Structures are given as structure tokens and as C-alpha cells.
1. Accessible surface of residue 133 in the full protein assembly, 1.4 angstrom probe, to the nearest 10 Å²?
2. Please give the FRET efficiency for residue 125 paired with residue 31, using the beta carbon to beta carbon distance and R0 = 35 Å, rounded to the nearest 0.05.
3. Given R₀ = 41 Å, what would the calculated FRET efficiency be for residue 195 paired with residue 84, taking r from the Cβ atoms and rounding to 0.05?
4. What are the ³J(HN,Hα) values, in whole Hz, obtained from phi via the Karplus relation 6.51 cos²θ - 1.76 cosθ + 1.60 with θ = phi - 60°, for each residue of the range 180-187 in sequence order, with x given for Gly and Pro?
5. Between residue 99 and residue 179, what is the FRET efficiency for a Förster distance of 45 Å, r being their Cβ-Cβ separation, to the nearest 0.05?
6. Find the accessible area per residue for the range 1-134; the probe is 1.4 Å, ligands and nucleic acids are left out, and the unit is Å².
7. What longest range of the chain stays clear of loop-exposed GluC sites (Glu not before Pro) (DSSP non-H/G/I/E/B, at most 15 other C-beta within 10 angstrom)?
8. For a quick check of your reading of the filter: which trypsin sites (Lys or Arg not before Pro) in the range 10-109 sit in a DSSP loop and have no more than 13 other Cβ atoms within 10 Å?
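The values are calculated or read from the model by the stated rules, or taken from the named source; none is laboratory data. Keep in mind that this is a model prediction, so the values were computed, not measured. A quick note on method: Cβ atoms are made from the backbone with ideal geometry, for glycine too, and the neighbour counts reach across all protein chains shown. Note: accessible area is taken over every heavy atom of the protein model, side chains too, but ligands, DNA and RNA are not part of it. Shrake-Rupley method; radii C 1.70, N 1.55, O 1.52, S 1.80 Å.
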Amino acid sequence: MGWCCVMKNLNFEYESADTNDVAAKTLRTLRRLGLKVIRVPLRMQGLSSKGDFGYCHENVNKMVIKYGGEILVGQYLQEYNDPNTIQLTDHSVWITPERKVVCLTKSNCEYDDLDNPIVDRKYKKFLEQGYILFVPRRVTKGFRGYETLPSTIWIKGNRISSNTHPTNPNLIDPYHFQVCALKNAHRVLHRVMNIGVMNLDKGTFLRDYKEVA
């Protein structure tokens with residue numbers, strides 16, 4: 001399953017993020033890498049607002065099976081107090097049958113992460129503003145079989161790194177393997193982590209997903 005740095009022809013409704021959301025320097029850096037930042041509304045009410053915490057990929061896949069649409073795979077964008085530091089973390093959102101894009105996993109933003117107060121504040125800000133900042137990477141009709149997702153990526157100054165092991169993509173390494181200069185960013189942007197076969201029967205969200213609406 002291949003990955004590209006640039007997603008062209010975004011054939012769904014979306015709003016681009018701007019300098020009210022993201023530092024101008026961050027937007028410039030990501031554009032240089034061929035990455036686009038969009039606003040994805042958080043579904044705040046109803047069934048589709050109740051996605052299980054930590055299971056965004058499974059949540060969206062169940063919605064696609066039951067109600068149609070597509071999965072938009074990409075990464076949360078988070079900036080840190082240091083304006084030179086950017087983190088991109090794997091995430092999936094739903095492209096509805098009406099071609100609107102929405103995040104089903106509000107629970108990720110509601111979770112109190114006491115061990116990571118900086119990250120916790122970023123997610124709480126998403127909740128307050130009603131949308132997440134998202135970098136789209138790939139559209140799929142659904143996860144089937146052995147799956148890969150984009151690695152978590154850090155950009156600091158003129159360096160970029162991934163925490164996926166350089167020789168075994170099944171392993172996540174906390175010491176940020178695969179560090180390189182931004183000019184060689186393709187070496188990191190294409191890296192994926194293998195997560196195997198998704199178990200869609202995890203969690204409590206949409207337990208009747210097999211019963212097509």
C-alpha cells in the first residue's frame with residue numbers, strides 16, 4: 001500500500017486552515033513538503049459523535065460499512081510552544097456520502113491526558129473550537145486485510161524524524177529513528193507503520209455495523 005506526500009484532487013468539501021489556526025511559518029514548512037492542512041469538524045452530537053477513544057480508524061471504517069462514504073487517512077497537526085516544532089500523528093476521519101468531511105472521535109479530545117499536559121491542551125483546544133487540524137494523506141473505501149498507517153512525524157527546525165523503526169516497520173521506536181534533513185523529507189514522509197488486521201469488533205461504538213442501514 002503506497003503513500004504519497006501530496007494529496008491532489010481533494011474531491012470532498014473542506015476548509016483550509018489559515019494563520020488563525022496555524023503559525024505562518026508552520027504552514028510554509030508543510031507546503032514546502034507538499035502537505036496541506038485542513039479543518040475537520042468534530043461531530044459533537046448524535047451517534048456519529050460517540051466514536052471510541054483511540055479507535056479512530058475502526059470508528060470510521062464501521063461508519064463506511066454501515067452508511068457509506070470513504071475513509072480519509074492522515075495526521076493530526078499539533079504545534080508546540082517552540083514555533084520550530086511540529087508533530088503529525090496518524091488519524092482517520094469520515095468522508096460522508098454527501099462528500100463532507102467530519103471527525104467521529106471526539107473522545108480523543110475529551111480524554112484527560114495528565115501525563116502529557118501540553119498534548120492535552122492541544123486536544124482540548126480542538127474540542128473548544130469544534131474542529132481538528134488535519135493533514136490528509138490518502139482516501140480509501142475501507143480497511144481490508146493487513147493495514148499500514150502513516151508514521152508519527154516530528155519536524156524541528158530543518159530536521160524531520162519518524163518513530164518507525166528503519167528496518168522493521170512493525171516496531172515503534174521512542175528514540176525517533178530515521179532522522180534526516182528537511183531537504184530529504186521524502187525518506188520520512190513515505191514511512192508507514194504496519195498495524196496488521198484491524199479488529200472492528202473492538203469497543204462499543206456502532207456494534208451493529210454489519211447490519212447495513
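1. For residue 133, the solvent-accessible surface is approximately 10 Å².
2. According to the calculation, E is roughly 0.95.
3. 0.85
4. 8, 6, 4, 5, 10, 4, 4, 5
5. 0.75
6. Normalised by residue count, the accessible surface of the range 1-134 is 47 Å².
7. 99-210
8. The qualifying sites are 99.
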